[in-house]
Amino acid sequence: MRVIVASNYDEMSEQAAALFAELVAENPTATVLPATGNTPMGMYRALAQRAGRGELDASRLRVFQLDEYCGLGQDDYRSLFGWTQRSFIEPLGISAANVTRLPGDAANPEAACASYEQKVIESGGIDIAILGLGPNGHLGFNEPPSDRSDPTRLISLTPESIVSNGPYWGGEDRVPRQAVTAGMTVILAAKTILLVVSGKSKRSILKETLQGPTTPNVPSSFLQQAANVTVLADQDAYRF
Ligand code: PGA
């Protein structure tokens, strides 16, 4: 595992964008699993700027949605799919035909998760996963406890995630209680993983992620066993 410590959030975002741009230059049709959340947004803005300046052509990437709240349609503004579209897919000019949703509104979530995994396999697996770090160590919506062998599935949000997502929803009582998430298996098998982590509030969970025992109680700790992980953290997060 490689750790790159940047002096602040903007620098971290630029470095993450630069690394990602290198990977895209090597493999312009890579499969990508891009996280939502606040942390990767600076990186995505930096990527959009590079694309706008003609320095990056990410238009042929194939995108797999990382996670989604249950009960929201694709066009719902609050959906994670919508967020991924606005922040990553549209600014980089990726065509809808190259995007695989993980639907939170499927009549049969189990079948939808199985079909998603099948599509990941048919695409040759995930080349690049861009991950944020949940305050409770979740990756995507693999809430604790999640084991390294857990597949793409329906999960219930932990009370901690309901609290941390409350501000996005205008109150904790409005946060959906369930979500679907790419499995730990899908994430951990990614050929390259970029984990972006910012801010003091992530310091202790980052320490557990990097130095703690590998345990389902901290799903992100399994990154210690993944093949090719680069952690990009700012100094506020990486100070221990
Ligand atoms: P954040 O979310 O980037 O908004 O901190 C991370 C997460 O909960 O996965």
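Just a few scattered comments:
- Furthest towards positive pole of dipole, SER95, PRO216, LEU19, structure part the chain, Cβ charges: LEU19
- Whole-Å distance, taken between Cα centres, linking segment 125-170 and segment 61-87: 14
- The Cβ shell under 14 Å around PRO219 holds other residues with a net charge of -4, Lys and Arg each +1, Asp and Glu each -1.
- Computed from point charges on the beta carbon alone (+1 for Lys and Arg, -1 for Asp and Glu), the dipole magnitude for the chain about its Cα centre is near 280 Debye.
- Computed from backbone phi, the HN-Hα couplings of segment 48-59 come to 4, 5, 4, 4, x, 7, x, 8, 9, 10, 9, 6 Hz, rounded to whole numbers (Karplus: 6.51 cos²θ - 1.76 cosθ + 1.60, θ = phi - 60°; Gly and Pro given as x).
- Take the Cα of GLN118, step 7 Å toward its Cβ, do the same at TRP169, and the gap between the two points is 3.1 nm.
- This model, with +1 at the C-beta of Lys and Arg and -1 at the C-beta of Asp and Glu, gives segment 40-132 a dipole about its Cα centre of some 400 debye.
- Other residues with beta-carbon under 14 Å from the beta-carbon of ALA16 carry, at +1 per Lys or Arg and -1 per Asp or Glu, a net charge of -2.
- Neighbourhood net charge (10 Å Cβ-Cβ; Lys/Arg +1, Asp/Glu -1) for SER7: -4
- log₁₀ of I(q)/I(0) at q = 0.14, 0.19, 0.26 Å⁻¹ - segment 19-114, Debye sum with one point per alpha carbon: -0.51, -0.89, -1.43
- Net dipole in debye of segment 1-88 [+1 Lys, Arg Cβ; -1 Asp, Glu Cβ; about Cα centre; nearest 20]: 80
- Qualifying trypsin sites (Lys or Arg not before Pro) in segment 1-58, DSSP loop, other Cβ atoms within 10 Å at most 12: ARG53
- Sequence ranges 54-65, 188-199, ranked by mean other-Cβ count within 10 angstrom, highest first: 188-199, 54-65
- Counting DSSP beta bridges with both ends in segment 30-180, the antiparallel % (nearest 5): 45
FYI, it's all coordinate maths here, none of it is from the lab. From a predicted model like this one, the values you see are computed outputs, not experimental measurements. Cβ coordinates were reconstructed from backbone atoms using ideal geometry, including for glycine residues, and neighbour counts include every protein chain displayed.
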